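Novice: Dropping a structure here in structure tokens format, bear with me for questions.
Values quoted throughout were computed directly from the atomic coordinates according to the rules given, and no laboratory measurement underlies them. Worth saying up front: this structure is predicted, and the values here are computed from it rather than measured. Using ideal geometry, Cβ is built from the backbone for each residue, glycine included, and neighbour counts are taken over all protein chains shown.
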Amino acid sequence: MKLIEALKQIKDLQKKAEDLRKKVMLHSAYLDYETPVYPDQKKQVREWIQAHSDILKRIMSLRIAIQKTNLVTDVTIEIGGKSVTKTIAEWVHRRRDLAIEDLTMWKGLTDRGLKEGTVKSSSEQPMQVKIVRCYDPSERDSMIDILTTEPSVIDARLEVVNAVTDLIE
């Protein structure tokens, strides 16, 4: 089974589990003067509960297999003209929030609204003021460009990887 198949199977199983929970909620009790919907409604409810439990066990095993696969499968992605190799798990975390946090840091490198020019000193003498940047503006701009596109580059590569990588069970 491929990773993408396991991910899709989990979604399908979650829908089935939800359907079973709804059935149990609707049919877990009835008034003694009502006709039960099922010939042996107690047995039917027990079967639904068991089926639900079995589905959850399968979801768990698939999730664990996906985690194992994600932790041991290396993927190389070109980021900013460099080939970077990380496990699928590392790329998932990078995509989820770490690339965005990196981008936020680089965007924080600004001139803070400071202005260069002439100001008066405390003794009323004019003096020339220049901004001292504690960063390289060209490096900042380059990193912002790279980090802005990184999530979509990761998405594109992982789509392919999920389609061709065998699940480790």
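Novice: Can you return the aspartates and glutamates within cross-link range of Lys107? Criterion is Cα-Cα under 20 Å, with same-chain partners fewer than 8 residues away left out.
Specialist: Lys107 reaches Asp97, Asp136, Glu139, Asp141, Asp145, Glu150.
Novice: What Kirkwood radius, in Å to one decimal, follows from the Cα pairs of segment 74-164?
Specialist: 16.0
Novice: Taking a label point 7 Å from the Cα of Lys2 along the Cα→Cβ vector, which residues of segment 55-89 have an amide N closer than 11 Å to it?
Specialist: none
Novice: Would you work out which of Ser122, Met143, Leu109 lies farthest towards the positive end of the dipole of segment 95-169? Charges go on Cβ: Lys and Arg +1, Asp and Glu -1.
Specialist: It is Ser122, whose Cα lies furthest towards the positive end.
Novice: Now for a separate question. Could you size up the charge dipole of segment 89-169 around its Cα centre, putting +1 on the beta carbon of Lys and Arg and -1 on that of Asp and Glu, and report it in debye to the nearest 20?
Specialist: Here segment 89-169 has a charge dipole of around 620 debye.
Novice: Could I ask something else about it? Need the list of aspartates and glutamates near Lys23 for cross-linking: C-alpha distance under 14 angstrom, and skip anything on the same chain fewer than eight residues off.
Specialist: Candidates past the 8-residue exclusion: Glu47.
Novice: Something else: With an 8 Å Cα cut-off and a minimum separation of 6 or more residues, compute the relative contact order for the chain in percent.
Specialist: Over the chain, the number comes to 30 percent.
Novice: Taking the Cα centre of the chain as origin, sum charge times position over the Cβ atoms of Lys and Arg (+1) and Asp and Glu (-1), and report the length of that vector in debye to the nearest 20.
Specialist: In total the dipole reaches around 380 debye.
Novice: I would also like to ask the following. Among the lysines, which fall within straight-line cross-link reach of Lys120, defined as a Cα-Cα distance under 27 Å, with same-chain neighbours fewer than 8 residues apart omitted?
Specialist: Partners found: Lys130.
Novice: Same structure again: Distance check, please: which entries in Lys8/Lys86; Lys2/Lys82; Lys8/Lys57; Lys15/Lys57; Lys22/Lys43; Lys16/Lys68 exceed 20 angstrom between their Cα atoms?
Specialist: Over 20 Å apart, Cα to Cα: Lys8/Lys86; Lys2/Lys82; Lys16/Lys68.
Novice: So how tilted is helix 41-72 from the main axis of the chain? Cα-based, degrees 0 to 90, rounded to 10.
Specialist: The two axes meet at around 30 degrees.
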